[in-house]
Amino acid sequence: MTIALVRRPGLARIRTRGSWLYLLCLGFLAVVVLLALLAPWLSPHDPNAVDLGNALAGPSAAHPLGVDGSGRDTASRLITGARTSLLGPLGVVLFSTVAGVIVGTAAGWRGGWLDSLLSRTTELVFAFPGLLLAILIVSIYGEGLIAPVIALGMAYLPYVSRLTRSLVLAERERPFVEAYQVQGHSGLQICLRHVLPNIAPVVLAQSTVNFGYALIDLAGLSFLGLGVPALTPDWGRMVFDGESAIQAGYPLCAILPCAAIVLTVVAFNVVGERWADRVARRDR
Amino acid sequence: MTTPAETTLDMRGLRLHLPGAARPVLAGIDLTVAERETVALVGESGSGKSLTSRSVLRLLPPGATTEGVIAVQGEDVLAMNAKRLRHLRTHTAAMIFQDPRAAINPLRRVGDFLTESLRLNADLSDDTAAERAARMLDAVGLGERVLGQYPGQLSGGMLQRVMIASALMGDPALILADEPTTALDVTTQAEVVGLLDDLRERFGTGLLFVTHDLGLAAAISDRVYVMYAGRIAETGPAQAMFERPRHPYTAALLRSTPRLATPQGRLAAIKGQPPSLREELTGCPFAARCAFTTPVCTEELPPHVPVRSEPTRLVACHHSDELADQLAESALHD
Amino acid sequence: MTDTTGAGPEPAGGGTVLEVTGLHRAFGSVQAVHDVSFSLARGGSLGIVGESGSGKTTTARIVVGLERADAGRVMVCGRDRSGQPGRGRTQRLERAREVQMVFQDPFLSLDPRVSVGNVLREALRLHFPETRVDHARRVGELLDQVGLGSREAAALPRQLSGGQRQRVAIARALAVKPAVLVLDEAVAALDVSVQAQILNLLADIRRDTGIGYLFITHDLGVVRCVTDDVVVMRHGRVVEAGPTADVLADPRHAYTRLLLDSVPRPGWNPKHIAAARRAL
């Protein structure tokens, strides 16, 4: 049985052969997560301290990565921005994974009309662009992280539920599942104790890849000025704020958050893909 | 010893190492198949019987290292370059696999499957190849209609005939059949075996028949090799060997097989399991499970010696001669 | 004789533990099982022989409850179990204690993540929750009964050989204390030397516990070795039935004769068999 993770075309070309790339990405992610966790202690300045007199200054001893158009320290904003930039995708992934696994397992295990109903419904969601859905919900509920996270969570649910469904279908055919049925275990018990733990690694690998995509989408929303409130430091928001700085010839405060986004997304992709490969090897 | 001219396959001292294994997977295999001869290679899983037959086509697992000589029609397979190897696989030796459904691409028509190798490797025109495919299908008792069908439309027995037809496409001198009937029903097995036997006679090929079924080996082969843990335990003419087994392993295998002719009741099972590849072996590989083990068995590797008064038989057992009468009790009668 | 493990529910009188009458099952237009009836004596062993497509496996799956019959009845210890399986826990467990099954492929019938000890503990926890303190002892007993030691209890399935895994599968079935054990080609995937060990083990277990065996196989040698009675199936129908020794010694039906002739042996003539098969 081959189960392919859903990946976007551009990223699908990255090959995860060498283990150095995987280790590098894993290390990079660890650093980003640590920065986000320890942001209040690590950031050299208040990320929201405005110093208009010093606007658009280049790197200096006090501001190693320079300042933005409002004179805010780029390094501090990058570090603090990691928090919102990671928290949002985390919410999206948690929501889509939990809900997707429930939907996919129910569809795959029960089959019949329930499968048709759930599969068609999720396909409907698939057909609707996630970003558009998020914009719609944000425009109804206004600013805040909750609305876009739930919207994107809904949009990502089909990725997880379709994968889960196909995995459960394959798992259900395995004789040991029948053996447990013959033993008198209920369907729910078999699912929880034997089917889900067996498919978990693959689903988690997909969720890891999804994390990167959710990060891009949420950054995109922030760039459009939706979602994250104006003053909260956030990578997507920083790119938006840095637009004018680029025009003024000071690209650093826009390029750095861009790089942070791209590198983090790639790292999540490499790590997730690597995990999936490992599961596939173990099963062989 | 000189190689007789008519020897199709002549394997000398084949040793095969795999990475991570504590002992050689094949530890010095000497095996010959003559023209028009059926040779059975019998053993349990892990004995190395499949590996032995696959190595004739140099279908080796990744990381395998080999020593020895595998001469097919006088040419050493292990020393061939890529071009010669392709020629060998297309024209000289062909393999029939256990599960035809797994060995045939389900999305291609039978006709494509049959002609592919010849069209690619022998520069035959499509028409000539198709004509030969139809002839071979006829030889295995299938109609030309099958050419246009997909594997999914055929039964297991028919597919195995297709497999045999494809093995015959290149007019090989040697057919390697790796458990070709294990996935088939017993009545179909008889048909496929009968067919193989016919074709061997008609095309003058040698046949190396790998099987775990002693009864089948006894029924169809001229000579038998019994393998255990990467070595030949015993070899000789089929009839003599099954009537008077001289290696305790052969005898034990015969006794532990549930048969129609033996009295009902408990079987004489062989205790324990075959040695794992992680263990090194000193002495006789069967010593740990043998009922007649003495200290010499665990210390010294028994050499292959000819059986007294039967020079065509070789047996690797320290006590073969003393045990002759006891072992003969487990003979296979019809 | 003292019954060391118990044989599950006591039969409701009579010498029959399993009675199957008039079983029918169709898949689409294919009649997989057509009017199949047989009965299994208490402590007896019944073989169902046939080739692929004979309906023997479907019959076994109906008996176990993995497949539904279109018509017909399956009675175990006098209770009808051919109806729609109930969703209630009590009924589910009761059905499980009537019939257990050992599957063909020991490599696939065990959850790769669950250790041998836990496989057995799961079954005990489900069926005997009230005797929880006893479970460790019982796991030891079961392993001992199938010839495994405490070393194997901690092992995962992939660390065991095929024969050892099949022993685990048998122990798992015994843990439930079933009245009938269905063995679906349970030794077909094993090597000859290991197969003999398992067949002997099964004979010992039957002698010690009085569990009835329904033995599904294509191998007549195995049938002869482990069954008292045999049913020969072809194309979904029973073509011949009777005591194993009689059927194998003096087959009445041409198909049974063909099956017997097909078993390879010295002096075997495959061409005759092929001709007989076509004539049938």
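None of the figures in this text is laboratory data; all of them are computed from the coordinates on show. On a predicted model such as this, the values are computed, not experimentally measured, just so you know. Neighbour counts are summed over all protein chains in view; Cβ atoms, including those assigned to glycine, are modelled from backbone coordinates with ideal geometry.
Per residue of the protein assembly as shown, the DSSP helices (runs of n ≥ 4 H) give a summed -39500 (n - 2.57) that works out to -14500 deg cm²/dmol at 222 nm. Can you tell which of B:Val69, B:Val140, B:Gly157 lies farthest toward the positive end of the dipole of region B:7-221, using +1 and -1 charges on the Cβ of basic and acidic side chains (Lys, Arg; Asp, Glu)? Among B:Val69, B:Val140, B:Gly157, the one farthest towards the positive end of the dipole of region B:7-221 is B:Val69. One quarter of the convex hull surface built on the alpha carbon atoms of region C:16-249 amounts to 12.7 nm², the projected area averaged over directions. Structure remark: mean-square fluctuation, Gaussian network model of chain C, C-alpha springs under 10 Å; the largest value among C:Arg165, C:Arg25, C:Arg138 belongs to C:Arg138.
Each Cα pair under 8 Å and six or more residues apart adds its sequence gap; the mean of these over the residue count of region B:7-221 is a relative contact order of 27 percent. The alpha carbons of chain A occupy a box of 77, 45, 33 Å along the principal axes, longest dimension given first.
Given that compact globular proteins tend to follow 2.2 N^0.38 Å, what is the ratio of the alpha-carbon Rg of the protein assembly as shown to that value?
Working it through for the protein assembly as shown, the quotient is 1.15.
Taking the DSSP bridge list for chain B and keeping only pairs wholly inside it, about 60 percent are antiparallel. Separation of region A:208-284 from region B:117-140 is 58 Å, based on Cα centroids. Taking every DSSP beta bridge with both residues inside region B:136-259, roughly what % is antiparallel (nearest 5)? Roughly 55 percent of the DSSP beta bridges within region B:136-259 come out antiparallel. Which one, C:Gly147, B:Leu254, B:Ala324, projects farthest toward the positive side of the charge dipole computed for the protein assembly as shown from Cβ point charges (K/R +1, D/E -1)? Highest projection toward the positive end goes to C:Gly147. Let a ≥ b ≥ c be the square roots of the eigenvalues of the Cα gyration tensor of region A:58-134; is it rounded (a/c under 1.5), or, if not, prolate (a/b larger than b/c) or oblate? Prolate, since a/c reaches 1.5 and a/b exceeds b/c. Inter-part distance, region C:24-38 to region B:270-292, computed on C-alpha centroids, equals 48 Å. Which residues does the label zone of B:Arg202 cover in region B:163-181, counting backbone N under 12 Å from a point 7 Å along Cα→Cβ? Of the residues in region B:163-181, B:165, B:168 have backbone N under 12 Å from the label point off B:Arg202. Cα centroids of region C:202-263 and region B:147-175: 33 Å apart.
The overall shape of region B:7-221, judged from the alpha-carbon gyration tensor, is prolate: a/c is not under 1.5, and a/b is greater than b/c.
With a simple spin-label model that places each label point 7 Å from the Cα along the Cα-to-Cβ direction, the separation between A:Ser186 and B:Thr128 comes to 7.1 nm.
The trypsin sites (Lys or Arg not before Pro) found in region B:245-281 that occupy coil by DSSP, while having at most 14 further C-beta atoms within 10 Å, are B:Arg266, B:Lys271, B:Arg278. Taking chain A as a Gaussian network of alpha-carbon nodes connected by springs under 10 Å, the highest mean-square fluctuation of the residues A:Asn210, A:Asn54, A:Asn269 belongs to A:Asn54.
When all alpha carbon pairs of region C:97-177 are counted in 10 Å bins from zero, the resulting P(r) reads 20, 57, 22, 1 %.
Loop only per DSSP, at most 14 neighbouring Cβ atoms within 10 Å: give me the trypsin sites (Lys or Arg not before Pro) in region C:42-108, ordered by residue number. The qualifying sites are C:Arg68, C:Arg87.
Per the Debye formula on identical point scatterers at the alpha carbon atoms of region C:141-280, with no solvent, log10 I(q)/I(0) at q = 0.13 Å⁻¹ is -0.67. Evaluated with a Cβ-only charge set (Lys, Arg +1; Asp, Glu -1), chain C carries a dipole of roughly 620 debye about its Cα centre, given to the nearest 20. Note on region A:188-234: Kirkwood radius taken over Cα pairs, Stokes-Einstein applied at 10 °C and 1.306 mPa s, translational D equal to 121 µm² s⁻¹. For a paramagnetic label modelled on C:Arg68 (point 7 Å from Cα along Cα→Cβ), amide N atoms under 17 Å away belong, within region A:175-197, to A:187.
Considering only beta bridges that DSSP places wholly inside the protein assembly as shown, some 60 percent are antiparallel.
Springs between Cα atoms under 10 Å define the GNM used for chain C, and in it the highest mean-square fluctuation of C:Gln195, C:Gln104, C:Gln31 occurs at C:Gln31. Under conditions of 20 °C and 1.002 mPa s, region B:26-127 yields 136 µm² s⁻¹ as its translational diffusion coefficient, taking Rh as the Kirkwood radius over Cα pairs in the Stokes-Einstein equation. Taking θ as phi - 60° and the Karplus parameters 6.51, -1.76 and 1.60, the scalar couplings of region C:262-276 work out to 6, 5, x, 7, x, x, 7, 10, x, 5, 4, 5, 4, 5, 5 Hz in sequence order, x denoting glycine and proline. Considering only A:Leu131, A:Ala200, A:Gly272, the residue lying farthest towards the positive end of the dipole of region A:72-276 is A:Ala200, judged by Cα position with unit charges set on Cβ.
A Förster radius of 35 Å, combined with the Cβ-Cβ distance separating B:Thr294 from A:Ser19, puts the computed FRET efficiency at roughly 0.10.
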